[in-house]
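See structure below.
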Amino acid sequence: MTARRDINPIVADWLDQQAGRGAPAYLDEVLATTSRTRQRPAWSSLERWLPVDLTLNQRIRPVFPVFRIAAVVVILALLVTAALLATGVGQRRLPHFGYAANGSLTYVDGTTIKLASADGKTIRSGAAIPAGVESLTFSPDGTHLAYRAPGAPPSIVVADADGSHARSITGLVAAASSEQVSVDPPFAFAPDGGRLAFTATDGTLRSIRLVGVDGHNMSTLAPPGLAADDETFDPGWSADGQWIAFMWSQPAKAGLMQIYLIHPDGSGGHVLEGANPDPATLELAWSPDPARSLLAYVEGGDASGGSIAIRDVTARNTFVAGTGLWITWSPDGKELAWWDGRTAVAQVADILAGRAFQHTIYLYPDISGVNCAVHPDMAGKAICGPAQWSPDSTLVYGTAVGGKVILVRRADGTGSVQQIPLDLPVDITNGPNGSLAWQAIAP
Amino acid sequence: MQQDLVDRARRGDHDAFATLAAAAIFRLDAAARLILRDPDRAKDAVQETLVRAWRDLPTLRSPARFDAWLHRLLYRACIDESRRLRRHRFDVDISPIDLSTLDDPNGAMVDRDQLERGFSRLEPEARALLVMHHYLDLPLPEVAIALGIPLGTAKSRLHRALQLMRAALDADARPRAELAEGRLA
């Protein structure tokens with residue numbers, strides 16, 4: 001009976017008989033076709049890049065599931081990456097540091113505003129300005145430029161980014177109210193760019209004023225009990241727009257210097273708690289992080305710096321970061337840089353947690369006690385001013401002594417100092433404080 | 001020797017590929033004819049297999065796997081052809097059974113017809129499995145790779161295909177035995 005026979009050899013023999021013998025006659029035809037066929041490059045095959053076990057050998061050896069899962073995860077990650085790249089994730093990426101990431105280098109050239117391209121090589125003339133303009137300051141969104149115009153008294157002018165459509169906002173105030181005020185930098189734009197805080201001198205009183213960029217709605221912020229010979233100056237606007245901090249000097253009280261906080265509407269004024277009332281309080285700087293009201297300031301010390309503290313205005317805690325001066329926040333508010341003979345960079349989270357992690361990067365040589373701006377041997381080798389931050393918070397940079405080179409280094413201290421030549425016809429040493437402003441955002 | 005040829009062919013040496021193709025075309029053609037039961041379709045499948053082999057050879061990572069890879073290409077080409085064939089299937093009249101074959105004293109001719117009938121009733125995938133295992137003598141794991149199925153699935157499918165072949169033989173054997181015993185006619 002067939003059913004009792006082993007079917008395997010029967011099938012094998014039958015297949016062998018069916019297959020016949022002799023090569024088919026179409027080999028030449030096939031080879032003619034292949035000779036005209038272009039081969040695919042090796043890299044074009046997905047199988048080429050997959051583990052062998054995922055392609056041909058997957059059924060010969062059992063594959064440990066972890067490897068298979070890992071391979072699938074890698075493939076998915078690659079696909080997601082490719083999809084993100086294809087859909088333009090680059091548009092959401094923080095701009096790279098460098099000339100191209102920034103807007104115009106704007107500077108005063110006699111009686112003209114000059115705008116250098118991001119690479120410093122293309123320079124065009126902006127609006128005409130009076131001689132003696134200084135303290136160029138860009139609004140946070142880069143669309144407006146404020147500067148101090150000379151005159152009797154000096155005034156604040158707000159213009160478009162190229163210097164056009166200039167209007168003297170304190171002049172407008174004077175015209176409307178007969179109030180003559182002289183202004184002093186720094187000018188602090190509100191986070192929304194709609195108002196400016198500045199120091200005004202009216203007679204002998206130096207006070208803090210707020211004014212809309214259209215010249216309207218000027219108001220005065222003053223601590224209660226402000227004496228005639230007191231001075232308030234250096235206003236800074238918190239990133240959330242809720243607070244304005246400024247210095248309050250009281251000569252009648254042995255030069256007592258305090259930091260005063262007040263809401264822009266004039267309410268909630270109080271002396272900053274936790275700070276030492278020290279005549280040598282030097283500077284203050286708000287964190288750019290609107291989620292947390294952190295105010296860094298330098299108190300005590302001398303021209304080489306003092307104690308650098310961070311005050312959490314909301315939590316009412318004060319933390320000491322180190323010693324030095326020229327404090328600058330990273331744009332993301334996570335790091336703080338200052339000069340302590342070199343440049344120190346500290347993680348703010350570490351500071352707030354009571355950890356002391358920080359590192360020093362050598363944008364400055366050890367020239368403490370020396371006016372580096374007039375130190376000719378430092379030309380091109382050291383920056384002489386606050387360290388600036390790249391928009392993505394990864395780099396610190398500054399204009400070197402001599403004003404012809406920007407020095408850049410990674411904020412984490414790795415890598416070497418890079419030099420970027422500036423092809424500008426002016427010496428921009430101390431630029432941010434004077435005749436040059438770097439538009440951090442190209443509108 | 002073959003690996004050297006594969007290496008050369010991967011780098012674009014068409015003569016090396018011609019040598020490989022000449023060595024493989026007989027078994028490819030035979031296997032394709034067995035799977036597709038149609039010489040013209042088989043020719044198309046083998047041509048497709050060899051053209052794809054030449055085109056994609058640079059992407060083959062392991063020259064030692066050339067034969068297994070070629071079998072896989074052949075299987076895919078045969079399945080593609082069989083699907084095309086299904087789309088253009090037409091009905092034909094079935095010829096009446098030639099009872100003269102019943103005169104075959106050993107039953108060999110009858111077995112061949114029964115096997116042919118049983119084999120034709122199998123799906124192309126099952127035919128391919130039998131051809132690769134029983135004609136090309138590929139070990140079952142290699143067959144599973146060529147067919148792109150798990151080894152366990154290959155085993156069960158092979159078992160079922162052989163059962164169907166055995167059933168075809170048994171079914172056809174019953175009338176023959178009954179005829180011999182005078183119960184039919």
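Read the figures in this text as sums done on the coordinates, not as results from a lab. What you see is a predicted model, and the numbers here were worked out from it, not measured in a lab. So basically every Cβ, Gly included, is an ideal-geometry build from the backbone, and we count neighbours across all protein chains shown.
For A:Glu283, the residues 5 or more places off, or on other chains, whose built amide H falls under 5 Å of its own are A:Val298. Amide H contacts under 5 Å for A:Ile406: A:Ala400, A:Ile420, A:Leu422, restricted to partners 5 or more places along the chain or on a different chain, H placed in the peptide plane at 1.01 Å from N. Taken one residue at a time, the phi angles of segment A:306-311 give Karplus couplings (6.51, -1.76, 1.60, θ = phi - 60°) of x, 7, 9, 10, 10, 10 Hz. Gly and Pro are set to x.
Modelled this way, with points 7 Å down the Cα-to-C-beta line, the labels at B:Thr153 and A:Ala128 are 8.4 nm from one another. Amide hydrogen proximity for A:Gly269: with H placed 1.01 Å from N in the peptide plane, the residues at 5 or more positions away or on another chain lying under 5 Å are A:His263. For segment B:63-72, 3J(HN,Hα) computed residue by residue from phi via the Karplus equation (6.51, -1.76, 1.60; θ = phi - 60°) reads x, 5, 9, 4, 4, 4, 5, 5, 5, 5 Hz, glycine and proline entered as x. Pull out a ≥ b ≥ c, the square roots of the eigenvalues of the alpha-carbon gyration tensor of segment A:213-349, then state rounded if a/c is under 1.5, prolate if not and a/b is larger than b/c, and oblate in the remaining case. Oblate shape, in that a/c is at least 1.5 and b/c is the bigger or equal ratio. Backbone geometry of segment A:247-259 corresponds, through the Karplus equation with coefficients 6.51, -1.76 and 1.60 at θ = phi - 60°, to 3J(HN,Hα) couplings of 7, 10, 9, 10, x, 5, 10, 6, x, 3, 10, 10, 9 Hz, x marking Gly and Pro.
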